[in-house]
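The values are calculated or read from the model by the stated rules, or taken from the named source; none is laboratory data. All values derive from a computational prediction rather than experimental measurement. In this analysis, Cβ positions are derived from the backbone assuming ideal geometry, glycine residues included, and neighbour counts consider all displayed protein chains.
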Amino acid sequence: MIEVPSKIELPSKFLFMKVGDHAAEPWEQILARKRRELDETGRIFWGYGGNACHPINQVQPFAKLVLKEMNDVVLVMEFIHSNADPDIVPATEYSTDGVIWEPIPKGIKVTGSRYALVLDEIQPGDLEVNLNWYEVAVGPSAGKPAEAYLQGRTDKACFVKSREERIIETPSENHTRKANFFAKLKDPYAVVLR
Amino acid sequence: MDFRSCLYGLSDVIINRPTPLRVFDQIYMKLPDMLLQAELTARWCDGKTVLFIGDGDAIALAMTHLSNQKQIKGQPKHATVLDFDERIVNSVNHFASNFGMTDKIHAELYNVADPLPEIHWRRHDAFYTNPPWGASNDGESVCAFVERGIEGVKPAAIGFIIIGDHSDFPWTHEVLRTTQKLTIDKGFCVAEMLHEFHRYHLDDSPELTSCCLVVKRRDAQTLTYDSKTLEKDRLERFYGANHPLKVHYVRDLTNGGKLESRDYRMDPWNQES
């Protein structure tokens with residue numbers, strides 16, 4: 001039984017991702033499967049897709065940047081009700097650099113994803129993300145306000161704390177996100193799948 | 001300009017582009033801006049040879065194809081595309097062959113980290129580059145591509161530099177300033193700048209634009225061949241902070257589309273099922 005921790009303070013740099021049901025698999029079932037994955041292999045491959053947070057040109061450089069300043073790279077997960085496509089094609093190989101490919105380790109299953117974060121234990125938490133305080137940390141969108149970046153189809157980002165809070169004339173609930181889970185990334189932080 | 005014929009011509013070019021690889025920030029320019037950029041480049045480069053340092057967007061092909069069809073003003077004498085992605089090299093050369101333009105455009109495999117091949121040293125009248133924009137390496141990647149372009153042009157030359165430019169993205173202004181300083185130090189001046197001129201197929205920031213910086217040099221000292229491999233510290237942050245160059249070439253497994261793609265398989269029709 002995992003004890004639900006009290007309110008957790010956000011680091012100045014972290015990854016943010018919306019999570020939920022995926023590939024016709026309910027969220028609770030995904031969590032249970034991923035806990036078994038951690039027990040068996042010592043790490044979790046957390047699959048994702050899209051163009052934001054590319055493992056090689058965004059997540060890995062971001063993780064190295066974070067580790068120069070703090071001990072851990074944290075993924076903050078906001079639960080949403082998702083209508084993700086029931087795509088169940090499992091990845092069979094992974095790569096940290098796109099050049100050398102290795103078989104997906106026994107005990108790990110990632111479906112319907114081009115990329116995966118490499119995680120330690122996924123823990124429940126009580127986190128509040130005030131998007132007005134953060135901006136995109138890496139890539140062509142660097143400097144873009146977090147609240148603007150997460151509008152539309154983008155559901156994940158590498159964030160860094162802005163120099164000052166942006167004052168929004170008409171604040172909305174959308175600017176404050178409640179995150180219910182978090183995890184620390186493990187070396188190599190993110191991989192490409194096929 | 002016959003707009004419809006221009007779009008037909010561009011359509012030929014766009015369908016010929018290989019799938020962009022986001023891992024190298026191959027993010028393609030949108031169609032209307034390709035047309036404007038091809039027209040601008042052809043007009044400036046009438047009668048000139050142009051060296052493209054990387055060209056995933058296929059501006060070289062767009063310019064040559066539309067110019068060859070007399071759809072736009074300006075007749076560049078020849079375009080050479082250097083790219084580390086063999087899919088792009090093959091796509092250019094096959095297109096040139098299919099449309100009878102092999103005397104007007106040619107592509108070669110080349111990685112900017114390597115010394116510029118001696119055959120291109122100070123040979124061309126103009127250079128063009130749309131490099132990785134250097135958001136997190138203070139424009140280092142832009143400088144690497146621009147320096148190779150400058151190595152490839154004659155003392156009197158023009159340069160076209162396409163880099164991020166948007167008022168909401170402060171890093172674009174820092175990189176723009178670094179780039180302008182580099183070109184000025186190399187004897188160029190800014191001849192024209194088209195502010196926030198292009199948009200891209202960049203789904204997480206579709207509003208991010210780039211400028212077309214046109215630089216011009218009247219003369220320069222004649223130098224003997226001296227192109228060198230990029231220094232180690234520059235390779236370490238080639239694509240950005242903590243993002244070193246690790247890939248020399250991207251290889252084309254379809255020989256420019258002559259071989260079948262390996263992206264799909266076909267399930268047989270089974271009448272019994």
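When restricted to residues that are touching a strand residue (DSSP E or B) at 6+ places or on another chain (Cβ under 7 Å) and either surrounded by fewer than 17 Cβ atoms within 10 Å (Cβ to Cβ) or within 11 Å of chain A (Cβ to nearest Cβ) (or both), the range B:212-236 contains 4. Looking across the range A:49-59 at every residue that is surrounded by fewer than 23 Cβ atoms within 10 Å (Cβ to Cβ) and farther than 18 Å from A:E135 by Cα, the one that is nearest to the other protein chains (Cβ to nearest Cβ) is identified as A:G50.
Screening B:A58 against (1) at positive phi; (2) surrounded by fewer than 23 Cβ atoms within 10 Å (Cβ to Cβ) leaves a single unmet condition, (2).
For the range B:138-163, a residue qualifies if it is buried (at least 24 other Cβ atoms within 10 Å of the Cβ), in a loop (DSSP other than H, G, I, E, B) and at pLDDT below 95, and exactly one does: B:G139. Looking only at residues that are within 11 Å of chain A (Cβ to nearest Cβ) and on the phi > 0 side of the Ramachandran plot in the range B:240-273, which one is surrounded by the fewest Cβ atoms within 10 Å (Cβ to Cβ)? By that ranking, first place goes to B:N242.
Yes/no per residue for (1) of a type in the set (V, I, T); (2) crowded, with 23+ Cβ neighbours inside 10 Å:
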residue	(1), (2)
B:L10	no, no
B:F52	no, yes
B:D83	no, yes
B:V92	yes, yes
B:F99	no, no
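For A:N132, the conditions (1) modelled with pLDDT of 90 or more; (2) under 17 Å from the mean Cα position of the chain (by Cα) all hold with the exception of (2).
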